[in-house]
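Everything below concerns the one structure shown next.
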Amino acid sequence: MSKNQSWILKHPWSVRSFHYLLVLSFIPLAITGVVLFFKPFDQLTMNLYMRIHVVTGVILTLDAVAYFIIGFTRVIAFVKRSFSFSVNDIKWFSILGGYPQKFLLGKKVPVPPMGKYNSGQKLFGICVLIGGTILIATGWGLWGFPHILPHGMTALFGTLHLVFGWILILFLLVHVFLGIYMFDDFKAMFLHGKIPYEEAKEMAPLWVETEIVKIER
Amino acid sequence: MKEERYQYEESPSYVSRREFIAISGIVIAILALPAVWIRSAVVKRNSYIRARLNGLYKDDAGSKVRVSHGNSGVAKLYKDFAGHPLSEVSEELFHTQSYVNRTRI
């Protein structure tokens, strides 16, 4: 870590704390969800998994609702970034961000300039926004109010919970792999919130050009 | 890890006021519409039960015979054959002998 290196605050404390709770709740939710789907254990053990699923689901809900209220401006910025598309996104998807070439062939191919989130992260963001909301709402319906909901709606909630659960679990595997691969970003999210200016300029040139400002002290 | 200073941050004006209002409105509407739909479905969830209930009362109201002891066929059966309710013949023919308490099953 050079002393002369410039840093950008990418993930402030509010985002990091939201992400910590998200990690602590979603990973147990995903594991218990998969176990509940395949039912490999006896009734008592499955009951324990269900309890863990419910408790972590409540934690996830509180985390999401708190961030939605406290960090509302950041939520709106996240929505804007996730739903902003250009020709660069089509070009990015046509080469899948250059990752397969890098991992499988050891080649570095030119990648179109990206903003704070690349096209894959935007797709993940959209899935998290829509899928996460549906998972929370249907989870509460299935756990807390199955006796109030009409039968057809309870069945629909079950199907939606299952489908979006699997989609987010599969996305999570890719997210964790690439999150650790981008180690500076990983450290920023889990430790100090900052990434080197030069790396950001290379990975997200549009973000640095259009959104980043120097702090006047 | 030692906390170091940073020199750059995101511009707070990335989302303009107009965009903020528009996106907030869309987000809140998208969250509110399913809530309204779910509430409406929950309120109407017993409508088919109520419709059946009303249908049964309507059938009753339109029937000439509305109680079993007013049924002339049953009255004739007792008069001509079984004698009276709880008679020996009634007990033998109408009462079940194989009652099984299934409340604890």
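Just a few scattered comments:
- From phi via Karplus (6.51, -1.76, 1.60), per-residue ³J(HN,Hα) for the stretch A:185-190 in Hz, x at Gly/Pro: 5, 4, 5, 4, 6, 9
- Only one residue of A:TRP92, A:PHE68, A:PRO40 has its Cα farthest out toward the positive end of the dipole of the stretch A:26-94, where Lys and Arg carry +1 and Asp and Glu -1 on Cβ, and that residue is A:TRP92.
- 10 Å Cβ neighbours from other chains, averaged over peptide A:144-151: 2
- Counting, for every residue in A:119-132, the Cβ atoms of other protein chains within 10 Å of its Cβ and taking the mean gives 0.
- Cβ-Cβ FRET estimate between A:ALA66 and B:THR103, R0 fixed at 51 Å, reported to 0.05: 0.60
- Each Cα pair under 8 Å and six or more residues apart adds its separation to the average, and for the stretch A:85-216 the resulting relative contact order is 26 percent.
- The mean number of Cβ atoms from other chains found within 10 Å of a Cβ in peptide A:68-80 is 4, as a whole number.
- The charge dipole of the stretch A:8-211, taken about its Cα centre with unit charges on the Cβ atoms of Lys, Arg (+1), Asp and Glu (-1) only, comes to about 180 debye.
- Debye-formula intensities of the protein assembly as shown, expressed as log10 I(q)/I(0) at q = 0.09, 0.10 Å⁻¹, are -0.66, -0.76 (one equal scatterer per alpha-carbon, no solvent).
- Note on chain A: helix-only mean residue ellipticity at 222 nm, from DSSP H runs of 4+ residues weighted -39500 (n - 2.57) and normalised by residue number, equals -23000 deg cm²/dmol.
- For peptides A:169-180, A:108-119, sequence by mean Cβ density within 10 Å, most packed first: A:108-119, A:169-180
- Each residue of the stretch A:70-87 was assigned a 3J(HN,Hα) from its phi angle through the Karplus curve 6.51 cos²θ - 1.76 cosθ + 1.60 (θ = phi - 60°); the sequence is 6, x, 4, 5, 6, 4, 5, 4, 5, 5, 4, 5, 5, 9, 9, 10, 8, 4 Hz, with glycine and proline shown as x.
- In this rough spin-label picture, where each label sits 7 Å from Cα along the Cβ direction, the A:LYS107-B:SER72 distance is 9.7 nm.
- Zone residues, the stretch A:1-31, relative to A:GLU198, backbone N less than 14 Å from point 7 Å out along Cα-to-Cβ: A:1-8
- For chain A, a Gaussian network of Cα nodes joined below 10 Å ranks A:TYR99, A:TYR67, A:TYR20 by mean-square fluctuation, and the top entry is A:TYR99.
- Acute angle (nearest 10 degrees) that the helix B:17-43 long axis makes with the longest principal axis of chain B, alpha-carbon atoms: 10
Only the coordinates and a few stated rules stand behind these numbers; no lab work does. These numbers were taken from a predicted model, which means no experiment stands behind them. Every residue, glycine among them, receives a Cβ derived from its backbone with ideal geometry; neighbour counts consider all protein chains shown.
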